[in-house]
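Structure, as structure tokens:
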Amino acid sequence: MSGFSSSALAEDLPPTHNFWLDARLSIKTERFGEPAQQLSGRLLWRHGTTRNHIRLLSPFGQMVAELNTLNDQNGANGLVEARLADGRQFQAASLDELARQSLGYSLPFEALPDWLVGKGSIRSSVLRDDLQRPLQLTEGVWQVRYRYQAENLSPSSILVSSEEGITLRLLIDRWTTNDEAFGESRGDEFVR
């Protein structure tokens, strides 16, 4: 598994660091009075200071949803749009709102880049292990739990859950945080 170098600690990484994330994904919603829903598949995410390109794929590799943002140089939201497999398109003011509109439930995509490296807002609390790796982060209604393989500094899985009955599980297959491995995009296709 690739990830951060052994000399990098989570607090050394900037909150808008470029990364490529390839992870198996499970989203489960259990809202009171509604039947539980579950989506499994793959998450492909290219994150940068001025853009995000997120693809949610079915277990067989078909696109379920594609979310894109294009921000200004200061990171303020600009164009935020989604396209679903059935051709429907959505636009919103933020990535989190776009997920709510297009997928039907709130996912914390805007906070996830920081949460992946154990950073939260001023209002969050972070529990760390002896290696200073995050074990648990709590921010608002969200709780993030981290699992590691041996002494790796980057997590092998992340469990994000909310008090509102939403659970997002990421089993990280590839996580690259350096610009050389960020890759190129040719149109709609991801190239690694």
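Values in this text are rule-based calculations from the coordinates and carry no lab data. Keep in mind that what you see is a predicted model, and the values were worked out from it rather than measured. Counting neighbours? That spans all protein chains shown, and the Cβs are built from the backbone with ideal geometry, glycine included.
Equivalent ellipsoid semi-axes for the stretch 27-90, as square roots of 5 times the alpha carbon gyration tensor eigenvalues: give them largest first, rounded to whole Å.
On the way: eigenvalues 131, 45, 28 Å².
Its equivalent ellipsoid spans semi-axes of 26, 15, 12 Å.
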Taking each pair of different alpha-carbon atoms in the stretch 110-165 once, compute 1/r for the pair, average those values, and report the inverse of that mean as the Kirkwood hydrodynamic radius in Å to one decimal. 11.4 Å
Run the numbers for SER26 and THR167: contour at 0.36 nm per residue of separation, minus the present Cα-Cα distance, in nm. 50.0 nm
Neighbour-count order for SER154, SER58, SER161, fewest beta carbons within 10 angstrom listed first: SER58, SER161, SER154
Which ordering of LYS28, LYS119 is given by a fewest-first count of other beta-carbon atoms within 10 Å? LYS28, LYS119
Assertion target for PHE32, PHE90, PHE19, ordered by fewest C-beta neighbours within 10 angstrom first, is PHE32, PHE90, PHE19
Note, THR167: beta-carbon cut-off 15 Å, +1 each Lys/Arg, -1 each Asp/Glu, net +2
